[in-house]
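K.L.:
If you scroll down you'll find the structure; I have some questions about it.
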Amino acid sequence: MAAHNTVATSNARKQVAAGGWLWGAVRRNGAGYLFLAPWLIGFFCLTLGPALVSLYLSFTNYDLLTTPEFVGMQNYVRMATADPKFIASIRVTLLYVALSVPLKLAFALAVAMVLNRGMRGLPFYRAIFYLPSLLGTSVAIAVLWRQLFAADGMVNSLLAQFGVEGPSWISNPNYSLYTLVVLSVWQFGSPMIIFLAGLRQIPVDMYEAASLDGASPARQFFRITLPLLSPVIFFNVVIQTIEAFKAFTPAFIISGGSGGPINSTLFYTLYLYQEAFSYFRMGYASALAWVLVVLIAVFTAFSFLTTKYWVHYDD
């Protein structure tokens with residue numbers, strides 16, 4: 001009996017001590033947790049919670065109206081073996097990423113290098129060049145782009161002035177995707193600003209020393225600019241590639257939500273949208289969403305693994 005009372009007393013003291021420690025932690029850090037509360041609520045309720053629910057739904061057959069029916073790996077098996085539109089959307093998205101990201105970054109770097117030389121009214125030009133990045137993903141710009149590249153649009157009207165008969169860019173599957181690539185390249189402002197900040201950090205005396213040694217501008221670019229700018233290039237490559245994988249609005253507006261003609265603009269996100277909100281196959285759409293997450297994660301991991309071969313830091 002005495003031993004039992006001793007154990008009970010010990011447990012009670014531990015509970016009191018734990019309660020006192022918890023109360024002390026709340027008193028010391030309460031203000032910080034209070035300020036973090038909006039972010040924590042948003043993260044758990046609007047990000048982590050829905051993500052976990054979608055992971056569960058990816059293993060179900062769900063149409064928003066009936067109770068989800070667990071089907072195991074059936075959605076993923078169908079995706080890999082019996083869904084030609086899934087393969088088409090992967091092919092279109094990978095081609096879009098492979099074309100748009102390098103062209104956008106090359107153009108952004110070229111403009112940043114021109115601005116870095118110094119010119120009058122630099123803040124004005126910087127703001128003007130950044131503006132397309134703010135407007136480019138809007139519905140209004142996508143509608144404008146569709147009008148520009150229509151059969152009777154401004155682009156063909158301009159070509160006609162030189163005696164060239166332009167094709168129907170939007171309705172021709174051989175050209176439709178490239179109009180979206182051009183739209184993406186036009187939104188070069190964000191990486192340009194980052195490149196310009198990186199160029200400003202390269203010491204000028206390195207270029208002066210290279211010039212005294214007889215290095216040509218091209219050699220200075222490849223031997224000085226690119227190696228010292230490689231961390232910034234790596235950052236822009238990762239961010240812009242993720243954004244390219246998530247591209248949706250231009251393809252949706254220009255193709256009218258169909259991904260046509262002949263699935264030539266069927267971005268992965270657009271196909272996911274069709275499955276979810278056109279056919280109400282929410283379980284299958286959730287599986288598509290998680291495959292996209294895995295694709296982006298694999299690319300990001302691969303990018304980080306290769307940094308030791310081409311990204312150079314100060315050390």
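The values are calculated or read from the model by the stated rules, or taken from the named source; none is laboratory data. Note that the structure is a prediction, hence the values are computed from the model and not measured. When we count neighbours, we look across all protein chains shown, and the Cβ atoms used for this are built from the backbone with ideal geometry, even at glycine. Accessible surface areas use protein heavy atoms only, side chains included; no ligands, DNA or RNA. Shrake-Rupley method; radii C 1.70, N 1.55, O 1.52, S 1.80 Å.
K.L.:
Could you check, for segment 227-238, whether at least one of its residues is without any contact (Cβ under 8 Å) to a residue 60 or more places away in the chain, more than 25 Å from PRO102 (Cα to Cα) and not basic (Lys, Arg)?
P.N.:
Within segment 227-238, not a single residue is without any contact (Cβ under 8 Å) to a residue 60 or more places away in the chain, more than 25 Å from PRO102 (Cα to Cα) and not basic (Lys, Arg).
K.L.:
Is it the case that segment 218-236 has a residue that's open to solvent by 10 Å² or more (accessible area, probe 1.4 Å) and either among the basic types (Lys, Arg) or outside the structural domain of ALA106 (by TED's automatic domain parsing) (or both)?
P.N.:
Yes, there is a match, as at least one residue in segment 218-236 is open to solvent by 10 Å² or more (accessible area, probe 1.4 Å) and either among the basic types (Lys, Arg) or outside the structural domain of ALA106 (by TED's automatic domain parsing) (or both).
Each row is one residue, and each column tells you yes or no for (1) in a helix (DSSP H, G or I); (2) touching a residue at least 60 places away in the same chain (Cβ under 8 Å); (3) polar (S, T, N, Q); (4) out of contact with any Asp or Glu (no Cβ under 9 Å at 6 or more places or on another chain).
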{"position": "LEU134", "(1), (2), (3), (4)": "yes, no, no, yes"}
{"position": "TRP145", "(1), (2), (3), (4)": "yes, yes, no, yes"}
{"position": "ALA151", "(1), (2), (3), (4)": "no, no, no, yes"}
{"position": "GLY166", "(1), (2), (3), (4)": "no, no, no, yes"}
{"position": "ILE170", "(1), (2), (3), (4)": "no, yes, no, yes"}
{"position": "LEU183", "(1), (2), (3), (4)": "yes, yes, no, yes"}
{"position": "ILE193", "(1), (2), (3), (4)": "yes, yes, no, yes"}
{"position": "ALA209", "(1), (2), (3), (4)": "yes, no, no, yes"}
{"position": "GLN220", "(1), (2), (3), (4)": "yes, no, yes, yes"}
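K.L.:
Go through the residues of segment 257-266 one by one and say whether even a single one is open to solvent by 30 Å² or more (accessible area, probe 1.4 Å), part of a loop (DSSP other than H, G, I, E, B), within 24 Å of THR179 (Cβ to Cβ) and among the β-branched types (Val, Ile, Thr).
P.N.:
yes
K.L.:
Find the residue count for segment 91-105, including only residues that are buried (at least 18 other Cβ atoms within 10 Å of the Cβ) and not basic (Lys, Arg). Steps first, please.
P.N.:
From segment 91-105, those buried (at least 18 other Cβ atoms within 10 Å of the Cβ) are 92-93, 96-97, 99-101, 104-105; that's our starting set.
With the extra rule that they be not basic (Lys, Arg), the set shrinks to 92-93, 96-97, 99-101, 105.
Number of matching residues: 8.
K.L.:
Taking the condition of being touching a Lys or Arg at 6+ places or on another chain (Cβ under 7 Å) and open to solvent by less than 20 Å² (accessible area, probe 1.4 Å), how many residues in segment 241-256 meet it?
P.N.:
The number of residues fulfilling the criteria is 1.
K.L.:
Then there is this: So, in segment 157-181, how many residues would count as being under 20 Å from PHE248 (Cβ atoms) and open to solvent by 70 Å² or more (accessible area, probe 1.4 Å)?
P.N.:
Counting residues in segment 157-181 that are under 20 Å from PHE248 (Cβ atoms) and open to solvent by 70 Å² or more (accessible area, probe 1.4 Å) gives 1.
K.L.:
Go through (1) without any contact (Cβ under 8 Å) to a residue 24 or more places away in the chain; (2) more than 30 Å from THR225 (Cβ to Cβ); (3) in the same structural domain as ILE193 (by TED's automatic domain parsing) for VAL92 and report which single condition fails.
P.N.:
If we test VAL92 against (1) without any contact (Cβ under 8 Å) to a residue 24 or more places away in the chain; (2) more than 30 Å from THR225 (Cβ to Cβ); (3) in the same structural domain as ILE193 (by TED's automatic domain parsing), just (1) comes out false.
K.L.:
Criterion first (assigned to a helix (DSSP H, G or I) and either open to solvent by less than 70 Å² (accessible area, probe 1.4 Å) or touching a residue at least 60 places away in the same chain (Cβ under 8 Å) (or both)) does ALA80 satisfy it? Break it down stepwise before answering.
P.N.:
Working: assigned to a helix (DSSP H, G or I): yes; either open to solvent by less than 70 Å² (accessible area, probe 1.4 Å) or touching a residue at least 60 places away in the same chain (Cβ under 8 Å) (or both): no.
So ALA80 does not fit the description; no.
K.L.:
Please pick out the residue among TYR309, TYR313, TYR279 that is open to solvent by 70 Å² or more (accessible area, probe 1.4 Å) and under 23 Å from VAL77 (Cβ atoms). Step through it out loud before you land on a result.
P.N.:
Working: TYR309 fails: under 23 Å from VAL77 (Cβ atoms); TYR313 fails: under 23 Å from VAL77 (Cβ atoms).
That would be TYR279, the only listed residue that is open to solvent by 70 Å² or more (accessible area, probe 1.4 Å) and under 23 Å from VAL77 (Cβ atoms).
K.L.:
In segment 57-72, how many are in contact with a Ser or Thr (Cβ under 7 Å, 6 or more places away or on another chain) and in a loop (DSSP other than H, G, I, E, B)?
P.N.:
Counting residues in segment 57-72 that are in contact with a Ser or Thr (Cβ under 7 Å, 6 or more places away or on another chain) and in a loop (DSSP other than H, G, I, E, B) gives 3.
K.L.:
Which members of segment 106-138 meet the condition of being farther than 22 Å from ALA244 by Cα and either open to solvent by less than 40 Å² (accessible area, probe 1.4 Å) or among the aliphatic types (A, V, I, L, M) (or both)?
P.N.:
The answer is MET113, VAL114, LEU115, MET119, GLY121, LEU122, ALA127, ILE128.
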